[in-house]
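Sharing a structure here in structure tokens format.
The values are calculated or read from the model by the stated rules, or taken from the named source; none is laboratory data. The shown structure was predicted, so the numbers you read here are calculated from the model rather than taken from an experiment. Here the Cβ positions follow ideal geometry from the backbone for every residue, glycine too, while neighbour counts run over all protein chains shown. The accessibility values were calculated without ligands, DNA or RNA, using every heavy atom of the protein model including side chains. Shrake-Rupley method; radii C 1.70, N 1.55, O 1.52, S 1.80 Å.
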Amino acid sequence: MMTIMEKNTNRVANNIHSVEKIGGTSMSSYNDVLNNIWLRKQVPFSQDAASYYQRIFVVSAYSGLTNALLEHKKTGEPGVYALFAEMDENRPWQGKLNEVMQMMLDINSDMFSEHELVRKRADQFIQGRMADVKDCLENLEVVCSFGHFHLDDHLHRVREMLSAMGEAHSAYNSVQLLRLHDVNARFIDLTNWRSDTQKSFDEHITYAFSDVDLATEMPIVTGYTQCREGLMSTYDRGYSEMTFSKIATVTGAREAVIHKEYHLSTADPMLVGANNVQPIGLTNYDVADQLANLGMEAIHPRAAAGLRKRNIILRVKNTFEPEHNGTEIRNDYSSKNPKVEIIAGARNVWGLEIFDQDMVGDSSYGQKMNDLVLESGVRVLTKDFNANTVTFYLKGNKRRINWLMDRLQQAYAGADIRVEKLALVSAIGSDMKVPGLLKSASSALSDANVNILSVHQAMRQVDMMFLVADQDYGTAVKALHSQLVEHCDTWVAEQTA
């Protein structure tokens with residue numbers, strides 16, 4: 001008898017289907033998603049007839065809901081999770097949970113304004129789930145009032161449970177919407193809600209698709225997957241991209257597609273002007289990795305790694321321009337002419353500098369330092385060091401940075417430790433082995449009166465990082481884009497003349 005994995009492998013071994021992820025901002029424009037993506041018949045790979053099917057869709061929560069359920073990703077404003085974690089006796093999390101519930105019902109009301117029965121069905125679904133959440137959190141508060149139980153031991157599970165609500169809501173609604181348009185959509189709920197078994201990540205995906213007929217069904221899948229590994233403990237808010245990547249690799253997809261509200265362009269059009277940027281078109285996974293390192297929401301680096309190893313093409317498309325092919329990211333691409341493909345960066349970067357004369361010649365000096373940085377949960381963008389100084393360039397909220405500084409000062413009592421708020425601007429390309437590139441980039445920043453505080457370029461030459469003052473970020477992006485992208489032919493000709 002064949003195993004589930006063997007059945008699943010046989011079903012999709014022809015590699016004609018795609019796995020597609022729809023981001024939260026796009027999901028909120030559900031009529032555009034409906035008309036531009038779901039109801040646009042596609043010709044599956046190696047087939048002739050256009051069809052709604054041979055496509056698997058992984059959906060994010062509607063815009064703003066995950067922020068309200070957890071905490072705001074950019075401002076840090078507390079959501080239900082953050083308020084619950086404070087264990088305030090006034091229980092402010094309950095009011096926030098009610099607020100989120102109303103947000104969800106408002107979305108249902110708008111989406112199904114002309115279909116009363118469908119709206120009621122959607123309301124009942126999410127009201128049932130949220131009632132379960134409320135009961136669970138109240139019971140957990142009671143349990144943790146006893147000294148044998150500590151809330152901190154359970155918070156990661158609470159975070160996972162709350163995260164699941166946003167994706168369950170959007171996936172269920174999407175199925176109802178598609179069925180109203182005669183599409184045979186199927187709700188694939190990976191949240192493991194009220195289940196007494198717990199599978200591994202691979203096992204859960206394999207089992208969920210074991211009886212799916214991609215030729216006649218359109219699976220709509222929750223971006224959150226509950227599994228033994230605990231996605232949020234490792235990937236936090238990147239969990240939906242991990243689900244997307246895992247489904248593509250497990251089912252043997254021919255292509256993985258991410259639908260976003262913008263093109264993957266040569267720079268942020270809000271900074272350099274929409275007329276000055278252009279979609280990248282074609283690049284490789286090296287570029288995707290560098291963008292992910294900067295925190296740009298193209299794809300989580302671990303998600304990209306899975307696709308890369310299986311040689312699955314990744315495409316980033318603009319939800320609102322369905323005719324455009326988007327940006328194709330693949331393993332085997334390298335620009336015929338070495339060049340800069342994109343200017344990207346990050347604001348609110350913290351430069352944490354540790355100076356200590358005692359580190360000179362001590363090869364073990366930085367071991368504790370690296371452990372503390374990892375424990376703090378901040379993200380290291382890059383670092384540099386010399387004989388007596390180590391500087392980390394970090395991305396994280398001020399609370400975590402302060403925690404890290406305190407621990408570093410305790411561990412290195414004789415060191416001078418300071419932190420400065422900076423911005424990082426990076427030139428990225430699949431091949432940037434161009435003579436004079438660093439000189440040209442530095443000159444462009446100097447001409448724009450931007451002071452370079454630090455610069456980094458690895459021998460692989462797929463990216464070049466400049467650390468500048470936070471207030472110089474926009475000026476630096478525009479200067480580098482103008483010199484290295486908009487007028488690249490001019491400066492390359494000057495260097496090779």
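Taking 18 Å as the cut-off for C-alpha to C-alpha distance, list the pairs among Lys421/Lys478; Lys74/Lys368; Lys199/Lys309; Lys21/Lys73; Lys383/Lys478; Lys74/Lys398 that go past it.
As for pairs spanning more than 18 Å Cα to Cα, those are Lys421/Lys478; Lys74/Lys368; Lys199/Lys309; Lys21/Lys73; Lys383/Lys478.
Could you work out the relative contact order of segment 385-497? I mean the mean sequence separation of Cα pairs under 8 Å and 6+ apart, divided by the number of residues, in percent.
Computed over segment 385-497, the figure is 26 percent.
Under a point spin-label approximation (7 Å from Cα along Cα-to-Cβ), what is the Arg228-Gln198 distance to one decimal in nm?
About 1.0 nm, to one decimal.
OK, next. Would you work out the charge dipole size for segment 360-497 about its Cα centre, treating the Cβ of every Lys and Arg as +1 and the Cβ of every Asp and Glu as -1, and quote it to the nearest 20 debye?
480
Run the helix sum for the chain: -39,500 (n - 2.57) per DSSP H stretch of 4+ residues, divided by residue count, reported at 222 nm to the nearest 500 deg cm²/dmol.
After summing the helix terms and dividing by the residues of the chain, the value is -12500 deg cm²/dmol.
Also, I was wondering about something else. Carbon-plus-sulfur fraction of the accessible area of the chain, 1.4 Å probe, in percent?
46
Please report, in Å, the Rg and the Dmax of the chain, where both are computed over Cα atoms only.
Reported Rg and Dmax, both Å: 24.4, 77.
Any lysines with Cα under 19 Å of the Lys433 Cα? List them, leaving off those in the same chain fewer than 8 positions away.
Partners within reach: Lys336, Lys339.
Cα gyration tensor of segment 348-487, axes a ≥ b ≥ c as square roots of the eigenvalues: rounded (a/c below 1.5), prolate (a/b > b/c) or oblate?
Verdict is prolate for segment 348-487.
Report, in whole Å, the centroid distance computed from the Cα atoms of segment 47-103 and segment 122-172.
What the calculation gives is 12 Å, centre to centre.
Using unit Cβ charges (K, R positive; D, E negative) and no other charged atoms, how large, in debye to the nearest 20, is the dipole of the chain about its Cα centre?
Roughly 800 debye for the chain.
While we're here: Output ³J(HN,Hα) for segment 180-189: one whole-Hz value per residue in order, computed from phi by the Karplus curve 6.51 cos²θ - 1.76 cosθ + 1.60 with θ = phi - 60°, and x for Gly and Pro.
5, 10, 6, 9, 7, 7, 10, 7, 9, 9
How high is the FRET efficiency from Gln94 to Lys74, r the C-beta distance, R0 30 Å, rounded to 0.05?
Step by step, r from the Cβ atoms, then E = 0.75.
In whole Å and largest first, what semi-axes does the C-alpha gyration tensor of segment 374-442 yield when each eigenvalue is scaled by 5 and square-rooted?
30, 15, 10
Suppose all protein chains stay in the model; what accessible area per residue would a 1.4 Å probe give for the chain, in Å²?
Each residue of the chain exposes 47 Å² on average to a 1.4 Å probe.
Continuing with the same structure: Which distance in nm do the two modelled labels at Asp153 and Ala215 give, with both placed 7 Å along the Cα-to-Cβ direction?
Modelled inter-label distance: 5.2 nm.
Quick check: from the Cα gyration tensor, does segment 191-231 come out rounded (a/c under 1.5), prolate or oblate?
prolate
A further question follows. Cα extents of segment 236-327 along the three principal axes, largest first, in whole Å?
Result, largest extent first: 40, 28, 21 Å.
Moving on. Zone of Met87 (label point 7 Å along Cα→Cβ, backbone N under 13 Å): which residues in segment 138-172?
140-155
Which distance in nm do the two modelled labels at Tyr207 and Asn184 give, with both placed 7 Å along the Cα-to-Cβ direction?
2.5
Shifting gears a bit: Is the shape of segment 57-188 rounded, prolate or oblate, going by the alpha carbon gyration tensor and its root eigenvalues a ≥ b ≥ c, with a/c under 1.5 for rounded and a/b larger than b/c for prolate?
Prolate shape, in that a/c is at least 1.5 and a/b is the bigger ratio.
How far, in nm, would the chain grow between Asp106 and Arg400 when pulled straight, counting 0.36 nm per residue and subtracting the alpha carbon separation?
Full extension from Asp106 to Arg400 adds 102.3 nm.
Lys41: which aspartates and glutamates have alpha carbons under 18 Å from its alpha carbon, excluding same-chain residues fewer than 8 sequence positions away?
Qualifying aspartates and glutamates at Cα under 18 Å: Glu20, Asp32, Asp182, Asp213, Glu217, Glu255, Glu321, Glu323.
Please list Leu190, Leu105 from largest to smallest accessible area, probe radius 1.4 Å, with all protein chains kept in place.
Leu105, Leu190
Another question, if that's okay. Along the charge dipole of the chain, Cβ charges K/R +1 and D/E -1, which of Ala256, Leu294, Met111 sits furthest on the positive end?
The residue sitting most towards the positive pole is Ala256.
Could you work out the relative contact order of segment 45-112, using alpha carbon pairs under 8 angstrom and six or more residues apart, expressed as a whole percent?
20
Another question, if that's okay. Assuming R0 = 51 Å, what is the FRET efficiency of Lys309 and Ser145, from their Cβ-Cβ distance, to the nearest 0.05?
It comes to 0.60.
Set the Förster radius R0 to 51 Å, insert the Cβ-Cβ distance between Asp135 and Ser363 as r into 1/(1 + (r/R0)^6), and round the FRET efficiency to 0.05.
0.40
Any chance you could run the full-extension gain for Asn325 through Asp470? It's 0.36 nm times the residue separation minus the Cα-Cα distance, nm to one decimal.
48.7 nm
If Cys488, Cys136, Cys227 are ordered by their accessible area, calculated over protein heavy atoms with a 1.4 Å probe, which sequence runs from highest to lowest?
From most accessible down to least: Cys136, Cys488, Cys227.
Using a cut-off of under 14 Å, list every residue of segment 359-383 whose amide N is near the label point 7 Å from the Cα of Gln410 along the Cα-to-beta-carbon line.
Hits in segment 359-383 for Gln410 at 14 Å: 369, 372-373, 375-376.
Could you grab the relative contact order for the chain? Cα pairs under 8 Å, six or more apart, rounded to a whole percent.
Computed value for the chain: 14 percent relative contact order.
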